[in-house]
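Okay, so here's the structure we're looking at.
The values are calculated or read from the model by the stated rules, or taken from the named source; none is laboratory data. Values in this document were obtained by computation on a predicted structure and should not be read as measured data. Every residue, glycine among them, receives a Cβ derived from its backbone with ideal geometry; neighbour counts consider all protein chains shown. Ligands, DNA and RNA are stripped out before the accessible areas are found, and what is left, the full protein with its side chains, is counted by its heavy atoms. Shrake-Rupley method; radii C 1.70, N 1.55, O 1.52, S 1.80 Å.
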Amino acid sequence: MLEGKVALITGANRGLGKEISLALAKRGASIAIHYFKNRNLAESLKKQIGKNAEIYHADLMDEKEIFELVRRISAEMGEIDILINNFGPFIYKKWEEISFEEWDYIIRGNLNSAFICSKAVIPGMRRKKWGRIINIGYNRVEQIVAFPNITPYAIAKTGLLILTRTMAKTEAPYKITVNMVSPGLMEEGIKPEEFEIPMGRYCSFEDVIEAIIFLISDGANYITGTNIIVGGGWKI
Ligand SMILES: NC(=O)c1ccc[n+]([C@@H]2O[C@H](COP(=O)([O-])OP(=O)(O)OC[C@H]3O[C@@H](n4cnc5c(N)ncnc54)[C@H](OP(=O)(O)O)[C@@H]3O)[C@@H](O)[C@H]2O)c1
């Protein structure tokens, strides 16, 4: 299904990024495994995938490093067809106790990095007249309400949804689709003090991956600017 396609997944060496990488590789895509600090994890993922994977380091807080990352992947693997903006740091802390550095990190990590990665890959996708960008949101991204314990995260992810819809509109003439997939509470994540998930279980990596695979497939050629909430009915 994805033979000949080059995919960049940010934060690919572990967690959700790793599972997305394995799923796309299984369907034939070549994977640019991006990591920041844990090269050993990137190397073991490369071993798992085999020859259709290369490892790339970049600090996604740095615009120049992002452009250099995309330049290197394009030169070595081919222009990027699929971008998954997966890296998205989280903080659970009362808003008034958050330092400026923490605030800045969450906004830049979730919003700015996806903005710059998208800007860097879009010229190549426009040339090919095909592209898929998927931004990872979170369950409550469409809710404009008070979020006292996750304020910068909620602001950044909702901002990312606006960017998703904006890019969807401007890139549609180039046959580039831009969508968001928003996981609910995952077993690996930090949990609120009290919660009840109507489906009676946590969101699994597979749940999220199914939505991503659908949005990448030809069956979703006409679907752009949408947000798929993979939340098991939690907080809707
Ligand atoms: N976990 C949940 O419950 C949950 C729920 C809803 C949504 N989400 C979203 O799902 C996505 C994945 O979450 P996650 O918890 O698996 O991973 P994450 O914490 O967002 O990202 C971890 C990855 O980012 C890399 N990274 C860390 N700092 C970096 C930097 N400065 N520059 C570039 N890369 C950096 C890490 O690489 P190294 O290991 O090499 O440092 C690692 O590969 C996120 O967008 C998150 O917001 C998660």
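So which residues in the stretch 7-27 are on the phi < 0 side of the Ramachandran plot and assigned to a helix (DSSP H, G or I), if there are any at all? Hits for the stretch 7-27 are LEU16, GLY17, LYS18, GLU19, ILE20, SER21, LEU22, ALA23, LEU24, ALA25, LYS26. Looking at ALA211, ALA156, just one residue is under 18 Å from SER118 (Cβ atoms) and touching a residue at least 12 places away in the same chain (Cβ under 8 Å), and that residue is ALA156.
Pairing each residue of the stretch 219-231 that is surrounded by 14 or more Cβ atoms within 10 Å (Cβ to Cβ) with any residue that is among the aromatic types (Phe, Trp, Tyr) and part of a helix (DSSP H, G or I), provided the two are 6+ apart or on different chains, yields C-beta distances under 7 Å for ALA220/PHE214. Of the residues in the stretch 74-85, not one is of a type in the set (Asp, Glu) and either within 15 Å of the ligand (Cβ to nearest atom) or in contact with a His (Cβ under 7 Å, 6 or more places away or on another chain) (or both).
When each of LEU160, LEU185 is tested for being open to solvent by less than 10 Å² (accessible area, probe 1.4 Å) and within 12 Å of the ligand (Cβ to nearest atom), the lone residue that passes is LEU160.
Every listed requirement among (1) within 22 Å of SER118 (Cβ to Cβ); (2) touching a helix residue (DSSP H, G or I) at 6+ places or on another chain (Cβ under 7 Å) is met by ILE49 save one, (1). Beta carbons closer than 7 Å, at least 6 apart along the sequence or on distinct chains, pair a first residue in the stretch 171-198 that is in contact (Cβ under 8 Å) with a residue 24 or more places away in the chain and on the phi > 0 side of the Ramachandran plot with a second that is open to solvent by 90 Å² or more (accessible area, probe 1.4 Å) and more than 12 Å from the ligand (Cβ to nearest atom) for LYS175/LYS129.
Conditions (1) at pLDDT below 95; (2) closer than 20 Å to ILE33 by Cα; (3) not charged (D, E, K, R), marked per residue:
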residue: SER99; (1), (2), (3): no, no, yes
residue: GLU102; (1), (2), (3): no, no, no
residue: ILE106; (1), (2), (3): no, no, yes
residue: ASN110; (1), (2), (3): no, yes, yes
residue: VAL121; (1), (2), (3): no, yes, yes
residue: ILE133; (1), (2), (3): no, yes, yes
residue: ILE136; (1), (2), (3): no, yes, yes
residue: VAL141; (1), (2), (3): no, no, yes
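Looking only at the stretch 90-124, residues that are in a loop (DSSP other than H, G, I, E, B) and in contact (Cβ under 8 Å) with a residue 12 or more places away in the chain come to 6 in all. Just one of the numbered conditions (1) closer than 26 Å to PRO123 by Cβ; (2) within 16 Å of the ligand (Cβ to nearest atom) is not true of ILE223: (2).
Among the residues of the stretch 40-66, those identified as open to solvent by 60 Å² or more (accessible area, probe 1.4 Å), in contact (Cβ under 8 Å) with a residue 24 or more places away in the chain and in a helix (DSSP H, G or I) are LEU41, GLN48, GLU63.
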